[in-house]
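Student: What follows is a structure written as structure tokens; I'll ask about it next.
The values are calculated or read from the model by the stated rules, or taken from the named source; none is laboratory data. What you see is a predicted model, and the numbers here were worked out from it, not measured in a lab. Cβ sites come from the backbone with ideal geometry, for glycine too, and all protein chains shown count toward neighbours.
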């Protein structure tokens, strides 16, 4: 057995109909080439058809130049037809209808914003108004305080002036009283008493018998005493007066033992202020007055 025979022994068996298939393939390709050649020749021999037309217008218009000569159409290269693939049409989206709830929500949000802005504006206006009212209140209080301080200062000045005037008046009255006493001492050489008088003074220095009753009648209505005293307490008060009867000072020289009665007597003397004149028109400079609640 030769080597070639060995190879043929292990080769695959021949395919049946292989020669017939090759012949049919060659014949099919030859027919395809012939059809393509005829198509190219037909397009090359085709004569282009031209049509001329004239258009008339109401106004004279110059005609355009004739078209250029048609050029020979080059044979198209062999084009292998491509299978067409059907593309599904793109669906057009349906028009969307706006959701009414979204519009309502937007409107509510807008109203809430406007309401909040209005509330903020009102709060700011209220804050400004309150600040203005507080400022006006503070200014009013300051003006009232200044007015009170000014009035208090004026009252103090008036009181000080009145006190100074009263002190000056008392000093003048005391000085006048001293001068009158000195004059009386100088005039003791001649008197104004009766012919049978044995005194050496110019006039009687003691008050008349009825003068004490007149003084008590002047002072007693001013005594305010509501308590019921035990017994009949007696208070003695020394009173100094000016020549016109004005009470300059008073001093309790003997207490009654009942403080409320002593105070009532002193207050009554202060209310009286001026004592009546005696029958001779004078007021003794010093008097000792005795008061009892049952007198």
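Student: Which one of the conditions (1) surrounded by fewer than 18 Cβ atoms within 10 Å (Cβ to Cβ); (2) at pLDDT 85 or above; (3) not in a strand (DSSP E or B) does residue 269 fail to meet, given that it meets all the rest?
Tutor: Single failed check for residue 269: (1).
Student: For the range 245-265, how many residues meet the condition of being without any contact (Cβ under 8 Å) to a residue 60 or more places away in the chain and within 30 Å of residue 178 (Cβ to Cβ)?
Tutor: Looking only at that region, the number is 9.
Student: Another question about this same structure. Look at residue 250 and say whether it is closer than 14 Å to residue 285 by Cα, modelled with pLDDT of 75 or more, outside any loop (DSSP other than H, G, I, E, B) and assigned by TED's automatic domain parsing to the domain that holds residue 265.
Tutor: yes
Student: Next up: Would you check which residues across the range 216-237 are touching a residue at least 60 places away in the same chain (Cβ under 8 Å) and in a helix (DSSP H, G or I) and list them?
Tutor: Once the filter is applied, which keeps residues that are touching a residue at least 60 places away in the same chain (Cβ under 8 Å) and in a helix (DSSP H, G or I), the range 216-237 yields 216, 219, 220.
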